[in-house]
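Since the structure comes first, as structure tokens, the remarks are kept for the end.
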Amino acid sequence: MTPNPPYSLEEVSGPSLLRRTFGCFPSGVAAVCAIADQVPVGLLVSSFTSVSLAPPLVSICIMNGSERWPLLRDAARLGLSFLGDGQQHVCRQLAKPVEQGLEGLDISATPEGAVLLRDAAAWLDCSVHNEIEAGDHTIVLLRIEALHARPTQAPLVFHNSKFHRLTAL
């Protein structure tokens, strides 16, 4: 190991440097959707992590101050749809105001109220297990109640503030 790295590290000086650095790590994109007050509501997350196999848990991070999370948090079930290649339009649609967020998208709902987006790479039907405050975000632990995967469907990937597709080496 060399004593000095071949670069100089910058002190954390604010959110723009953090965003640029975090953007170097590619992530998938998931839509979290449910029926809230009899209306389908959704939001996007790129901070998804598998947590536990027994019990089956995953985590997502939600920005504090999200206008959509308070509508979703008390839903009996939340649908997580891992967006597939070609679903960039879903991201643009979910960026619209809450009342228009799922308008025109091909969705289906489970009897428990989880909303799933068709053409996704995978779906999770989840219930909220726990919430943990973490700075300007909340870590939400979700218990997986049911799921379906389509491993041959290429995922939508977010890297360096842009959407990308995966290619095999």
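For segment 37-169, what Kirkwood radius comes out of the mean inverse Cα-Cα distance, in Å?
For segment 37-169, the Kirkwood estimate is 15.5 Å.
Choose one of His164, Ser81, Pro40: the residue whose Cα lies farthest towards the positive end of the charge dipole of the chain (beta-carbon charges +1 Lys, Arg; -1 Asp, Glu; about the Cα centre).
Of the listed residues, the answer is His164.
Suppose every Lys and Arg Cβ carries +1 and every Asp and Glu Cβ carries -1, with no other charges. What dipole size does segment 13-169 come out with about its Cα centre, to the nearest 20 debye?
Details: 12 positive and 14 negative charges, 121 e Å.
I would put it at about 580 debye.
Round to a whole angstrom and tell me the spacing of the C-alpha centers of segment 48-100 and segment 1-46.
Here the two parts' Cα centres lie 15 Å apart.
Given the options Trp69, Ala154, Ala122, identify the residue whose Cα lies farthest towards the positive end of the charge dipole of the chain (+1 on Cβ of Lys, Arg; -1 on Cβ of Asp, Glu).
Of the listed residues, the answer is Ala154.
Using a 1.4 angstrom probe and counting only protein chains, how large is the accessible area of Thr138 in Å², to 10?
Counting only protein heavy atoms, Thr138 exposes about 20 Å² to solvent.
Just add up the charged neighbours of Ile62: K/R +1, D/E -1, any other residue whose Cβ is under 13 Å from the Cβ of Ile62. Don't jump to the answer; show the numbers that get you there.
Working: positive: Arg68, Arg73; negative: Glu67, Glu131, Glu133, Asp136.
Local net charge: -2.
Let me know the charge dipole size of segment 44-106 about its Cα centre in debye, to the nearest 20, where only the beta-carbon of Lys, Arg (+1) and Asp, Glu (-1) is charged. Don't skip to the end; give the middle numbers.
On the way: 5 positive and 6 negative charges, 29 e Å.
Approximately 140 debye in magnitude.
Report the gain in length on full extension from Ser16 to His89: 0.36 nm times residue separation, minus Cα-Cα distance, nm rounded to one decimal.
On the way: separation 73, 0.36 × 73 = 26.28 nm, distance 2.57 nm.
Extending this stretch completely gives an extra 23.7 nm.
Per-residue ellipticity at 222 nm for the chain, helices alone: DSSP H runs ≥ 4 residues times -39500 (n - 2.57), over residue total, nearest 500 deg cm²/dmol?
Working: 3 runs with 19 residues, N = 169.
Mean residue ellipticity, 222 nm, calculated: -2500 deg cm²/dmol.
Using just the Cα positions, wrap segment 1-45 in a convex hull and report its mean projected area in square nanometres, one decimal place. Each step should come with its number before you reach the end.
Numbers: hull surface 23.1 nm².
Averaging across all directions leaves 5.8 nm² for the Cα convex hull.
The values are calculated or read from the model by the stated rules, or taken from the named source; none is laboratory data. None of the values given here were measured: they were computed from a predicted structure. We place every Cβ from the backbone using ideal geometry, glycine too, and count neighbours over all the protein chains shown. For accessibility, only protein heavy atoms count, side chains too; no ligands or nucleic acids. Shrake-Rupley method; radii C 1.70, N 1.55, O 1.52, S 1.80 Å.
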